[in-house]
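Worksheet: one structure, shown below.
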Amino acid sequence: TVAPMRTCCCGALGSCLLFFAAVVGGLAVWIGSEGGIEPIAFRRFLWLNKEIKRMNGGENRQRFFQREDFPLVLDFENHVPEIQSELEYVLTNVKTPQFDEVVPGQDVLNRDQAWSVFQFRVYNRDLVFNMKLCPITAGLISKYPEISYAMFSVLHGPKIIPPHEGLYSGVLRVHVPLKIPRDCNNNGIRCFIKVKNETRTWEEGTSLVFDDSLNHQVKM
């Protein structure tokens, strides 16, 4: 039975967008072999992805979701000051890699090398060393097995992430803004995320929940 539920060191922080990003939902661990993904498992994945899209309205499916509908999102928001402190520690003490260094094949999204990340959980597998550096953030992530991917994300402005689509429609993406550019809320013109035809901007401590399997882009 198909389940229909889909369940961020800047030299000048004033020009950066920093947030905690998570993927929430039933993203299955890849079934692989030495030669790559098993063909049968991959076909099942493609079928499931197609069915989830169909059951949720196809290309007209919902873009953004109400944060209040997700208790885990509100839980992270309630701990924003502590998460901000741990992010500051990471930025001060750790050389964070570029996004395309840890997510192969995504260099098209980061040609300007202005997007760095610090990962905690990658496809349901915890990065133990990173988790130990940020015990409060790690504790929150560990409370929720439905979080399949989690990281600090740092965009060094000006930055454009070109239009792209997430691989799987059975999850939702969450952004918990921890530090935003000083003029980010200038009518959403300078700093925004656009999913299909809907645009939002970030407000520190107030999360965005969206379907990243739909075409989306970022400018800041």
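The values are calculated or read from the model by the stated rules, or taken from the named source; none is laboratory data. Because the structure is a prediction, the values reported are computed rather than measured. Positions of Cβ are backbone-derived with ideal geometry, glycine not excepted, and every protein chain shown enters the neighbour counts. With ligands, DNA and RNA removed, areas are computed over all heavy atoms of the protein, side chains included. Shrake-Rupley method; radii C 1.70, N 1.55, O 1.52, S 1.80 Å.
Residues in segment 44-74 that are within 15 Å of Leu214 (Cα to Cα), of a type in the set (A, V, I, L, M, F, W, C) and either in contact with a helix residue (DSSP H, G or I) (Cβ under 8 Å, 6 or more places away or on another chain) or open to solvent by less than 50 Å² (accessible area, probe 1.4 Å) (or both): Ile52, Phe64, Phe65.
Kindly check whether there is at least one residue in segment 20-30 that is at pLDDT 85 or above and surrounded by 13 or more Cβ atoms within 10 Å (Cβ to Cβ). Yes, segment 20-30 has at least one match. When every residue of segment 176-184 is checked against the conditions, at least one turns out to be open to solvent by 10 Å² or more (accessible area, probe 1.4 Å), under 24 Å from Glu82 (Cβ atoms) and either of a type outside the set (Lys, Arg) or in contact with a Phe, Trp or Tyr (Cβ under 6 Å, 6 or more places away or on another chain) (or both).
Taking segment 58-164 as the region of interest, the strands (runs of 3 or more DSSP E) fully inside it that hold 1 or more residues being over 19 Å from Met220 (Cα atoms) are 115-122, 147-156.
Tell me which residues, restricted to segment 201-220, are of a type outside the set (Phe, Trp, Tyr) and either in a strand (DSSP E or B) or out of contact with any Gly (no Cβ under 9 Å at 6 or more places or on another chain) (or both). Across segment 201-220, the qualifying residues are Glu203, Glu204, Gly205, Thr206, Ser207, Leu208, Val209, Asn215, His216, Gln217, Val218, Lys219.
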